[in-house]
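No value in this document is a laboratory result; all are computed from the given coordinates. Quick caveat, the model's predicted, so the values are computed rather than measured. So basically every Cβ, Gly included, is an ideal-geometry build from the backbone, and we count neighbours across all protein chains shown.
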Ligand code: RIB
């Protein structure tokens with residue numbers, strides 16, 4: 001049903017367009033009786049203000065967007081919560097878009113957000129190649145901040161965690177527990193976070209040259225189902241040729257690995273240890289509480305949003321910054337076992 005126009009409200013209340021606009025935007029400048037007549041007309045006609053048109057005319061939208069990789073991943077729920085708090089404190093609104101780890105879908109979101117002239121975009125890009133799209137937003141005066149993704153770009157801010165260190169922490173912990181045959185489950189490696197975590201785990205092997213190895217079970221996505229399939233692959237070789245520990249690219253993969261191993265009667269951590277990444281709430285609540293490399297999720301979101309709002313206010317003279325948080329290994333029962 002089409003909503004009434006502001007002209008119909010003015011006619012119905014017997015006032016000018018300017019008086020209706022004043023009631024909507026500067027109500028204290030209108031006499032109480034007149035103001036009430038206009039409000040009664042708005043209610044009777046069912047008029048709803050078109051805020052996006054008003055924001056476009058004013059050239060200053062009050063909407064910030066965040067484009068997340070996977071809206072079903074609790075990691076992003078926590079990142080969104082942090083960003084939302086900062087955006088709402090600034091009197092604006094945060095809208096969430098889900099790329100679903102699909103590059104084409106991510107581009108469609110960015111095109112729509114550009115049309116909407118949003119105040120800024122927070123994004124965890126699916127992979128490389130988004131540069132032209134982000135540059136186009138920049139030329140439109142729509143700032144972009146990368147979230148959970150490092151960047152050496154001079155043209156935009158980023159907020160991330162040192163994922164190479166995170167991978168190294170996980171592998172060093174397992175080597176210290178006596179593991180020498182470790183697997184890395186995760187993918188696609190086109191997602192830099194996945195590649196960096198693996199690189200850190202591989203680098204830690206250099207501390208034990210020739211005595212330990214790291215095999216990879218690449219997954220098509222960072223989901224629980226992909227984790228189950230990765231565990232199935234790791235159990236394929238004979239028991240004597242299987243890894244005794246698995247580092248997972250994120251906690252959803254780790255939960256899938258834990259589920260499949262448990263269903264197959266494999267004991268965690270006695271037969272196979274597991275370390276996840278993110279330390280989402282479900283990691284600690286799992287049937288076998290998961291060790292995980294903790295990311296400061298809400299802080300990631302809040303910091304990215306504050307950088308974006310600062311750039312939206314400052315404009316082209318904004319000094320771009322690249323904030324990198326340090327990860328922290330949280331050891332729980334899924335890897336707290338020393339191999340003899
Ligand atoms: O951003 C890519 C991945 O890194 C996400 O799946 C999230 O879990 C984080 O760990």
Length gained if residue 26 through residue 180 is fully extended, taking 0.36 nm per residue and subtracting the Cα-Cα distance, is 48.4 nm
Helix 103-115: inclination vs the chain longest Cα principal axis, degrees, rounded to 10, gives 20
If the chain between residue 313 and residue 107 were fully extended at 0.36 nm per residue, the gain over the current Cα-Cα distance would be 71.6 nm
hull vol. (C-alpha, convex hull) per residue for the range 205-290, Å³ -> 105
The correct pair for the range 111-205, radius of gyration to one decimal and Dmax as a whole number, both in Å and from Cα atoms, is 17.2, 56
dims of the range 6-49, Cα set, principal axes, largest to smallest, nearest Å -> 23, 18, 15
One point scatterer per Cα, no solvent, Debye formula: log10 I(q)/I(0) for the chain at q = 0.11 Å⁻¹ comes out as -0.76
Rounded to 0.05, the calculated FRET efficiency for the beta carbons of residue 7 and residue 140 at R₀ = 25 Å is 0.20
Diffusion coefficient in µm²/s returned for the range 107-165 by Stokes-Einstein, Kirkwood Rh over C-alpha pairs, 25 °C and 0.890 mPa s, is 206
If the chain between residue 206 and residue 90 were fully extended at 0.36 nm per residue, the gain over the current Cα-Cα distance would be 37.0 nm
Using alpha carbon centers only, the range 83-111 is separated from the range 174-224 by a whole-angstrom value of 31
Taking r as the C-beta separation of residue 16 and residue 62 and R0 as 22 Å, the FRET efficiency to the nearest 0.05 is 0.25
In this structure, the FRET efficiency calculated for residue 263 and residue 225 from their beta-carbon separation, with R0 = 22 Å, to the nearest 0.05, is 0.95
Summing -39500 (n - 2.57) over every DSSP H run of at least 4 residues in the chain and dividing by its residue count gives a helix-only mean residue ellipticity at 222 nm, to the nearest 500 deg cm²/dmol, of -14000 deg cm²/dmol
In whole Å, largest first, the alpha carbons of the range 66-130 cover along the principal axes 32, 29, 16
